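What follows is a set of notes on a single structure, which appears directly below.
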Amino acid sequence: MTQKAECEILLNALLPLAEKLLKKHGEFYPIGAVLKFDDTVEMNAIYDGNEFPDSKEVIKDLIDHHRK
């Protein structure tokens, strides 16, 4: 599978969720997804117990999670 095809799979998974969250709440915290070796998509969000976390920290935590 090409890198472009992999990106399209991830975008097709993430964009509908982002649109839904924007319509419902007008905003959303960063979300992520990974394409697993079996071509399934695993959606990820980070919650550290803080109701209003800094988005930069959420992004950092998502990156750390994806690296694992």
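The values are calculated or read from the model by the stated rules, or taken from the named source; none is laboratory data. Computed from a predicted structure; not experimentally measured. Methodologically, a virtual Cβ is constructed for each residue, glycine included, from the backbone with ideal geometry; neighbour enumeration extends over all protein chains shown. Each accessible area value is taken on the protein alone, full model and side chains, heavy atoms only, with ligands, DNA and RNA left out. Shrake-Rupley method; radii C 1.70, N 1.55, O 1.52, S 1.80 Å.
When you check residue 27 against the structure, is it modelled with pLDDT of 90 or more, of a type in the set (D, E, K, R) and either within 17 Å of residue 63 (Cβ to Cβ) or surrounded by 11 or more Cβ atoms within 10 Å (Cβ to Cβ) (or both), yes or no?
Against the criterion (modelled with pLDDT of 90 or more, of a type in the set (D, E, K, R) and either within 17 Å of residue 63 (Cβ to Cβ) or surrounded by 11 or more Cβ atoms within 10 Å (Cβ to Cβ) (or both)), residue 27 does not qualify.
Residue check: residue 4 meets all listed conditions (1) open to solvent by 90 Å² or more (accessible area, probe 1.4 Å); (2) assigned to a loop (DSSP other than H, G, I, E, B) but one, namely (2). Checking each residue in region 32-59 for being part of a loop (DSSP other than H, G, I, E, B) and either aromatic (Phe, Trp, Tyr) or over 19 Å from residue 5 (Cβ atoms) (or both) picks out 37, 45, 46, 47, 48, 49, 50, 51, 52, 53, 54.
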